[in-house]
Amino acid sequence: VRVASEGINGTVGGSKVATNLYIEVMLSQPLFKDILCQEDFKSSAGGAHCFPDLRVGVFKEIVPMGIDPKILSYKETGIHLSPQEFHREVEQFLSQASQGQSNTILLDCRNFYESKIGQFQGCLAPDIRKFSYFPSYVDENLELFQDKRVLMYCTGGIRCEKGSAYLRSKAVCREVYQLKGGIHKYLEEFPNGFYRGKLFVFDDRYAICSNEDIISACRYCGTLWDQYKLCSSQHCRQLVLTCPSCRNKGLTACCPVCQEKELKVTSRASGQTLKEECECTRRRPRVPIEYVSQRALDAGKD
């Protein structure tokens, strides 16, 4: 659970009775009066086992984008669209894009490993590893957003609060909209809508499912696969898509460097574990530059 001047954000797990009680208690707190409402909470299949430890922290930012809230106010967000409104906008966007007439960008502001296993059709998904890279991505691709309508989305709507505020601060877009409640809320109403694949979550489940589509592939053989595992190298914390057949062959690392060297754990002088960067990390640019974006149009034609 993260607490900041901007608000509160967290994920808890338990039985339906326990989680409903948690929601009731949160809504009854005077501090959250006129701030929280029932629709701010999202639910998915899981349980207490997904979150064995209780962690509550106070932070400067509700999501770490790297910009002081005093400089970038969460109150300067884009226009919130309900799942129904967002669905209609995406439908119109895909129709126009298929005819090469769209002036809209459907922007996924999550990390690459999230959008890799699930995304809205026709979206622009920046190849970034952390949300703190998002401002740099915008700065280096301002021409992409010039005079465009932007439809932005993320997992639960939290990152969009900061992401849309940053994009609006650049004064290049014609309009900036965001999906209220994020993909979570959208899938509650449109499980077979325009979002295809799995929804990445930041716990041991890694992903939750609402439709049968698999849009990603095994790292080694290319067969359709979307279930993440941690790289087998003890140094590495990269997630890897490797199917059961390849795992049975011992292909359990994220890249050849980790796979071949079978890195052993070493420590710094301070006793902290040394985290080495692997081939995957070195090859991925910190902030990719979208020189020409045809992905939305191409996806709309499929």
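The values are calculated or read from the model by the stated rules, or taken from the named source; none is laboratory data. Just so we're clear, the structure is a prediction, and the values are computed from it rather than from any experiment. With ideal geometry, Cβ positions are generated from the backbone for all residues, glycine too; neighbour counts draw on all protein chains shown. The accessibility values were calculated without ligands, DNA or RNA, using every heavy atom of the protein model including side chains. Shrake-Rupley method; radii C 1.70, N 1.55, O 1.52, S 1.80 Å.
Take the residues of region 189-203 that are under 17 Å from the mean Cα position of the chain (by Cα) and of a type in the set (D, E, K, R): which is nearest to V12 (Cα to Cα)? Step by step, filter region 189-203, then rank; the result is D203.
Can you work out which of the residues in region 228-238 that are at pLDDT 85 or above and assigned to a loop (DSSP other than H, G, I, E, B) is farthest from R88 (Cα to Cα)? Applying the filter and picking the extreme gives S232.
Within region 23-41, the set of residues being at pLDDT 85 or above, surrounded by 14 or more Cβ atoms within 10 Å (Cβ to Cβ) and not aliphatic (A, V, I, L, M) comprises D40, F41. Just one of the numbered conditions (1) part of a strand (DSSP E or B); (2) over 29 Å from G222 (Cα atoms) is not true of F93: (1). Determine whether L36 is in the same structural domain as V201 (by the TED database) and in contact with a Leu (Cβ under 9 Å, 6 or more places away or on another chain). For L36, the condition - in the same structural domain as V201 (by the TED database) and in contact with a Leu (Cβ under 9 Å, 6 or more places away or on another chain) - is not met. T155: β-branched (V, I, T) and under 13 Å from the mean Cα position of the chain (by Cα), yes or no? Answer is yes for this residue. Evaluation of K130 against the conditions (1) among the basic types (K, R); (2) open to solvent by less than 30 Å² (accessible area, probe 1.4 Å); (3) modelled with pLDDT under 95 shows that the sole unmet condition is (2).
Within region 145-161, the set of residues being closer than 10 Å to T104 by Cα and open to solvent by 10 Å² or more (accessible area, probe 1.4 Å) comprises D147, K148, R149.
Of all the listed residues (N111, N141), the sole one being of a type outside the set (D, E), outside the structural domain of V240 (by the TED database), closer than 26 Å to C280 by Cα and out of contact with any helix residue (DSSP H, G or I) (no Cβ under 9 Å at 6 or more places or on another chain) is N141.
Residue by residue through region 1-55, note down the ones that are among the hydrophobic types (A, V, I, L, M, F, W, C) and touching a strand residue (DSSP E or B) at 6+ places or on another chain (Cβ under 6 Å).
V3
Of everything in region 89-111 that is out of contact with any Leu (no Cβ under 9 Å at 6 or more places or on another chain) and either closer than 13 Å to Y186 by Cβ or among the charged types (D, E, K, R) (or both), the residue that is most open to solvent (accessible area, probe 1.4 Å) is E91. For region 183-193: of the residues being out of contact with any helix residue (DSSP H, G or I) (no Cβ under 7 Å at 6 or more places or on another chain) and open to solvent by less than 40 Å² (accessible area, probe 1.4 Å), which is farthest from C160 (Cα to Cα)? Filtering region 183-193 for residues that are out of contact with any helix residue (DSSP H, G or I) (no Cβ under 7 Å at 6 or more places or on another chain) and open to solvent by less than 40 Å² (accessible area, probe 1.4 Å), the one farthest from C160 (Cα to Cα) comes out as L187.
For region 194-227, a residue qualifies if it is out of contact with any Gly (no Cβ under 8 Å at 6 or more places or on another chain), open to solvent by less than 30 Å² (accessible area, probe 1.4 Å) and modelled with pLDDT of 95 or more, and exactly one does: C218.
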